Amino acid sequence: MANLVEIRGLKVEAKTDANRRIEIVKDVDLDLVPGEIVALIGESGSGKTTIALTLMGHTRTGCSISAGSVMVDGQDVVQMSEQQRSRLRGAVVSYVPQSAALAFNPAKAIMDQVIEVTQIHGIMPAEEARQRAIELFRALSLPNPETIGERYPHQVSGGQLQRLAAAMALIANPKIVIFDEPTTALDVTTQIEVLRAFKDVMRRAGAAAIYVSHDLAVVAQLADRIAVLRNGEVQEMGQTVQILEQARHPYTRELIAAFEPHRAPVVLNEIDERRPLLDVENVVAGYGWSKIDSSLLVKAVDNVSLQLYEGRNLGIVGESGCGKSTLACAISGILPAVSGHIIFDGRELGPGYKERTAQQKREMQIVFQYADAALNPARSIDDILGRPLAFYHGLTGEAQSKRINALLDMVRLPTSLRGRRPGELSGGQKQRVNFARALAAEPKLIICDEVTSALDTVVVAAIIDLLRELQQELSLSYIFISHDLSMVQAICDKIVVMYQGKAVEELAVENMTQPQHPYTQLLFSSVPKLDPNWLDSLARERPILTA
Amino acid sequence: MTVETSSTTRRRPRYQIKVVGMLGLAIIVFWLIVAALGPHLAPYPIGDIVDQDYFGPMSRDFWLGSDYLGRDMLSRIVYGARYTLGISLAAVTMACTCGVVLGMSAAVAGGWFDSVLSRFLDAMSSIPSKLFALVVVSAVGSSIPVLIFMLAVIYTPGSYRFARALAVNIAAMDYITIARLRGEKMFHIITAEVLPNIIGPVLTDLGLRFVFIVLLLSGMSFLGLGVQPPAADWGGLVRENIDGLPFAAPAVILPSIAIATLTIAVNLFIDNLPVKIRDRSE
């Protein structure tokens, strides 16, 4: 069969602010036959999205295709005029973005946006397009397919919006669909529904697809073939089963190895049962305090109690909206708890951070999910790490400089990074700086709020190892807040599962893999496995939980 | 991948310089020199009637012609630069400093401080600026300190609104939360954490506001309420010589050109500031 897509010797260049050209995609060849799903997998910066976008003749600002050809359906998009390309986009090649929430216009009804492309290209009358959209909604197992199109983007959930974005991509019967990390922003429990819908609809539509992702397990469920990318080059390419079972390239093996969290043998230190480091008792926190009936409009954390002992780690897991981040805010005092007690190191803490002493604030540090937002982009690493040293310990000049070097060394970063700004570091490096800043305070407890969810699998494994080493060196305790179960299981000796604001189950190290509560069971079974048949083997009807 | 050597990180930072920005800077520097060295550059004293004719053309004795009384136009423009640049710069600095500091504080502090300040300054900005200026000048009389202070008061609310809108977005970032949790004082948060992230737009705003102030000052002088004779800023020069318009006298065109070059140059410069090149992997 003729190839639908033939990429030959593709090179993409980017220009830096010093007018230097860097090749970000180096000599890539890729084929796609009709109806096939090829996955591009690799860490961030490996060029996977850049390659996928060239199928539409598009490069991001500052980049350009410098050599090679991209034949799509017998035509070379590199040679096309911009006008010809726009005829191609949406009609022959369509795109499903990572964040559907940003891709939809909040001011227009969903239906109008889904069928917009058929109107631009004049493919079918609006009424017919609407009928087809409703069929697609049904095929994507969206609730109320007849009426969901009348809603606005903020009236549907994230998982539904992602499926609606797929409907938007498929409406014009394209030959190729590009999926750009479409499930990365979703919870594992939602991810399953979306993946299953994608798989069904792609099977029915018979379109070919390029699936861009950094998650090998997700890709294994959908793809026929996998191309492993690194530094803008294809490292290895083959059938899905072949890549998973007989990976040849060391990088692919590393990816697969990172997937199996290597749990270090847990050596639990002796603890004093009567004196936990952190004791949270019946904490209630939320938003919208009403003075009239003294209650919360939204009770995000409902009567949660937990204990953490010195030198131990506690994991808090649950899907988005379950209140786990609000709990972190309540413990750290960002959002004062409405009732309940937080006892830290034997002393009761004030509900808000303003009511806590300087020492209490110093000993409990919080590390946020997005290092991008947690590090001031306008200041150098030197300033970012120097400030807490000066603030907490009064270190200045030479002493401060020495301590900054020691901190960077602790998080395994070269000291040559000191003059750089956060924007000039990779995601993993930024998260390390974020940790170094928390360590600068010399804390007893670090609350890690989803610290690894924005990072690549291989980087996550490295960060977990680092945290474990730091714990041994500095006798720290961690609270991990995450939706990533495998990461939490790898490092914690106790897990609290939260669901709708309540702690529904507490798992100790011995029974970590045998949950009792139905929600925990659902959560555990939703974590994708490297087995390509995993998705199909799951029970068709997943239990629907009500609290 | 390229290997990082210590020499690349220690090298002096290079800047990407834009030609348009430099052109703007050159014009600003030219006018600053003119303002600074005014009395030494001017061929005649400011108030002396030196030409036989009024609205005289450009000649060897009077390079830029003469005004409605026969005074040397070049000397008057050179002296006028002092008033226009000095008053406008002082006023714009005051307005933007007050506006930006208050705006950042309101965004970071929030709560009643923000509400009270915002409503108060909203009320201020609801007063038409030219009317306000006319009333103030006719009430307390026109002097240079009064002019500066009045212009600063008029342009503070706009600057405040602008800075607050920018700072509100920054104040919601996690790094501000971390600074708060650390127990940082307001001064540190606004100067070290917020200001570096909004300085670009704030400077652009300062450039625009400078232009508005030059124009309002010129407008005031045109109405006779600005700088008082025999001294005159550029706007005043335009007004004095407006009768020369039918004669195509240089006396009315040239101060207008001076105002235009200065205001355009300030904006060219601020929109094209040199950018530090941060590509280090060479």
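The values are calculated or read from the model by the stated rules, or taken from the named source; none is laboratory data. The structure displayed is predicted, hence computed values, not measured ones. Every residue, glycine among them, receives a Cβ derived from its backbone with ideal geometry; neighbour counts consider all protein chains shown. The accessibility values were calculated without ligands, DNA or RNA, using every heavy atom of the protein model including side chains. Shrake-Rupley method; radii C 1.70, N 1.55, O 1.52, S 1.80 Å.
Tabulated data
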| item | result |
| --- | --- |
| Acute angle (nearest 10 degrees) that the helix A:126-139 long axis makes with the longest principal axis of chain A, alpha-carbon atoms | 50 |
| Residues losing 40 Å² or more accessible surface upon assembly, the stretch A:337-382, compared with the chain by itself, 1.4 Å | A:Tyr353, A:Lys361, A:Phe368, A:Ala373, A:Asn376, A:Ala378, A:Arg379 |
| Sequence-separation-based contact order of chain A, relative, with Cα cut under 8 Å and 6+ spacing, percent | 14 |
| Cα shape, the stretch A:144-192, gyration tensor, a/c 1.5 rule | oblate |
| Portion, in percent, of the accessible area of the protein assembly as shown that falls on carbon or sulfur, probe 1.4 Å | 56 |
| Relative contact order (%) - the stretch A:384-448, alpha-carbon pairs under 8 angstrom, separation at least six | 42 |
| Measure of compaction for the stretch B:154-194 (Cα Rg per 2.2 N^0.38 Å) | 1.30 |
| Residues of type lysines that A:Lys199 reaches as a straight line, Cα spacing below 17 Å, ignoring anything fewer than 8 places off in the same chain | A:Lys175, A:Lys529 |
| Around B:Gly70: net Lys/Arg minus Asp/Glu count, Cβ-Cβ under 10 Å | -4 |
| For the stretch A:76-91, 3J(HN,Hα) per residue [Karplus equation, 6.51 cos²θ - 1.76 cosθ + 1.60, θ = phi - 60°, Hz, x = Gly/Pro] | 8, 6, 5, 7, 5, 7, 4, 5, 5, 5, 5, 5, 6, 5, x, 8 |
| Cα-based helix-to-principal-axis angle, A:188-205 vs chain A, degrees rounded to 10 | 0 |
| Orientation-averaged projected area, Cα convex hull of the stretch B:156-282 (nm²) | 12.7 |
| Projected-area average for the stretch A:278-514 over all orientations - Cα convex hull basis, square nanometres | 13.2 |
| Value at 222 nm in deg cm²/dmol, rounded to 500, when DSSP H runs of n ≥ 4 in chain A each add -39,500 (n - 2.57) | -10000 deg cm²/dmol |
| DSSP bridge orientation in the protein assembly as shown - percent antiparallel, rounded to nearest 5 | 55 |
| Qualifying aspartates and glutamates (Cα of each under 16 Å from Cα of A:Lys11; at least 8 residues distant if same chain) | A:Glu23, A:Asp27, A:Asp29, A:Asp31, A:Asp76, A:Glu233 |
| Cut-off under 5 Å, modelled amide H: who pairs with A:Val25 long-range | A:Val12 |
| Nearest-0.05 FRET efficiency for A:Gln79 and B:Trp63, computed from C-beta distance (R0 60 Å) | 0.50 |
| Pairwise centroid distance, computed over Cα atoms, of the stretch A:406-438 with the stretch A:1-73, Å | 31 |
| Cα gyration tensor shape for the stretch A:310-355, rounded if a/c is under 1.5, else prolate or oblate | oblate |
| Qualifying trypsin sites (Lys or Arg not before Pro) in the stretch B:40-89, DSSP loop, other Cβ atoms within 10 Å at most 13 | B:Arg60 |
| Along each principal axis, Cα extent of chain B, largest first, Å | 74, 53, 29 |
| Kyte-Doolittle mean at least -0.5 and Cα axial length at least 27 Å: DSSP H helices in chain B | B:73-109, B:144-171, B:195-222, B:250-271 |
| Rh by Kirkwood over Cα pairs, then Stokes-Einstein D for chain A at 0.890 mPa s and 25 °C, µm²/s | 96 |
| Percent of beta bridges antiparallel (DSSP, the stretch A:278-514, rounded to nearest 5) | 55 |
| Spatially close lysines, pair count over the stretch A:278-514: Cα under 16 Å, gap of eight or more or interchain | 6 |
| Sequence-separation-based contact order of the stretch A:278-514, relative, with Cα cut under 8 Å and 6+ spacing, percent | 28 |
| Between helix A:158-170 and chain A: long-axis angle, C-alpha atoms, 0 to 90°, nearest 10 | 10 |
| Long-range HN-HN contacts of A:Val96 with modeled amide H, under 5 Å | A:Ile178, A:Phe179, A:Asp180 |
| Exposed-site-free run, longest, chain A (rule: GluC sites (Glu not before Pro); DSSP loop; at most 12 other C-beta within 10 Å) | A:274-509 |
| Average accessible area per residue (Å²) across the stretch A:278-514 - probe 1.4 Å, nucleic acids and ligands excluded | 38 |
| Residues in the stretch B:147-184 occluded by at least 10 Å² - accessible area, probe radius 1.4 Å, against chain by itself | B:Met173, B:Asp174, B:Tyr175, B:Thr177, B:Ile178, B:Arg180, B:Leu181, B:Arg182, B:Gly183, B:Glu184 |
| Pairwise burial B:A, computed as accessible area of each alone minus the pair, summed, 1.4 Å, Å² | 2600 |
